[in-house]
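This report concerns only the one structure given below.
The values are calculated or read from the model by the stated rules, or taken from the named source; none is laboratory data. Small disclaimer: the values here were computed from a predicted structure and weren't measured. Ideal geometry is used to build each Cβ from the backbone, glycine not excepted, and the neighbour counts take in all protein chains shown. We work out accessible area using only protein heavy atoms, side chains counted, and drop any ligands, DNA or RNA first. Shrake-Rupley method; radii C 1.70, N 1.55, O 1.52, S 1.80 Å.
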Amino acid sequence: METVSLENQTVAEFVLLGFYDIPELHFLFFIVFTVVYAFIVIGNMLIIVVVISSQRLHTPMYFFLANLSLLEILYTSTVVPKMLEGFLQEAAISVTGCLLQFFIFGSLATAECFLLAVMAYDRYLAICYPLRYPLLMGPRWCLGLVVTAWLSGFMVDGLVVVLMAQLRFCGPNHVDHFYCDFMPLVVLACSDPRVAQVTTFALSVVFLTVPFGLILTSYARIAVAVLRVPAGAGRRKAFSTCSSHLAVVSTFYGTLMVLYIAPSAVHSQLLSKVFALLYTVVTPIFNPVIYTLRNKEVHQALQRLLQIKQMETSG
């Protein structure tokens with residue numbers, strides 16, 4: 001294909017290689033990840049519908065959960081369809097489209113980092129300060145936290161994309177990944193990428209470690225508060241929910257930290273792709289499972305919604 005100039009770009013498009021080194025598994029991967037993607041979208045959409053339709057779920061925790069579900073749908077939808085295309089044929093993407101994909105996905109992933117911290121803080125206030133909780137987590141404060149989480153993600157990654165847009169790509173155009181990620185793109189740059197690399201590293205350190213530290217602090221204080229409660233079903237339920245959520249959060253943050261703060265710890269590009277699958281596909285499955293399958297209020301709201309739909313259909 002003849003290359004055309006796009007501002008300071010000399011490459012017309014990139015080709016996402018995906019898992020090119022194991023072609024015999026491509027069809028199996030296509031089936032598996034199609035099912036997983038459908039589960040992610042349907043499961044998280046169901047959560048949003050249930051939260052909106054049930055008056056009992058109009059509380060801060062479920063407001064944050066609905067936003068988390070929306071984030072999961074959007075950022076998996078930014079990456080997975082192109083990955084599925086790569087299992088069937090060559091997945092080509094324009095330079096502009098590649099940077100746009102990186103911007104949207106990175107912004108949503110960063111927003112999720114903030115939102116998970118907000119959700120942990122919300123649980124900390126609810127468990128440690130139950131009497132003051134309605135005042136501490138009022139509607140305006142909840143909305144402000146969510147808006148801040150969303151906007152912060154787009155502002156942080158917007159700066160990185162601006163720096164990446166200054167790079168010149170004039171050589172190989174094969175991206176050794178299943179989506180447009182920072183490191184696989186930077187290695188293809190013909191111009192000096194050090195400013196973008198240093199900036200991305202600094203932002204990653206701040207905007208990954210700080211929210212993760214807040215989450216750990218919140219759950220540590222929750223654990224102390226729960227241990228003061230007499231042993232019983234309530235304590236077991238609290239520990240079960242918190243430990244499950246903390247495991248998923250640790251997986252999400254851990255993989256991001258390895259890939260963006262300590263990329264040298266990943267010794268092969270295939271391993272890097274496997275790590276990327278953990279936060280692009282695996283955690284979006286587990287988050288709704290942890291927050292809904294173990295939650296009686298969501299079960300009851302879902303049953304009421306289904307009963308109403310059945311009555312409308314039969315009527």
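Values for this structure:
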read-out: Sequence-distant residues sharing a close amide H with residue 14 (under 5 Å, placed H); value: 93, 94, 95
read-out: Alpha carbon Rg of the stretch 53-93, scaled by the compact-globule rule 2.2 N^0.38 Å; value: 1.79
read-out: Debye log10 I(q)/I(0) for the stretch 60-156, one point scatterer per Cα, at q = 0.13, 0.17, 0.22 Å⁻¹; value: -0.54, -0.77, -1.06
read-out: Cα-based Rg / Dmax (Å) for the stretch 110-182; value: 19.0, 62
read-out: Solvent-accessible area, 1.4 Å probe, carbon plus sulfur percent, for the stretch 1-147; value: 71 percent
read-out: Span per principal axis, largest first, for the Cα atoms of the stretch 3-81 (Å); value: 56, 39, 15
read-out: Computed lengthening from residue 195 to residue 131, 0.36 nm per intervening residue step minus Cα-Cα distance; value: 18.1 nm
read-out: Rel. contact order, % - alpha carbon contacts under 8 angstrom, at least six apart, the stretch 57-166; value: 39 percent
read-out: Per residue, in Å², the accessible surface of the stretch 6-91 once ligands and nucleic acids are set aside, probe 1.4 Å; value: 47 Å²
read-out: Overall Cα dimensions of the stretch 1-135 - principal axes, largest extent first, Å; value: 66, 38, 26
read-out: Two-site FRET efficiency, residue 202 against residue 151, from Cβ-Cβ distance with R₀ of 22 Å, rounded to 0.05; value: 0.65
read-out: Integer Hz, Karplus 6.51/-1.76/1.60 couplings in order for the stretch 73-81, x for Gly and Pro; value: 5, 5, 7, 6, 5, 6, 10, 5, x
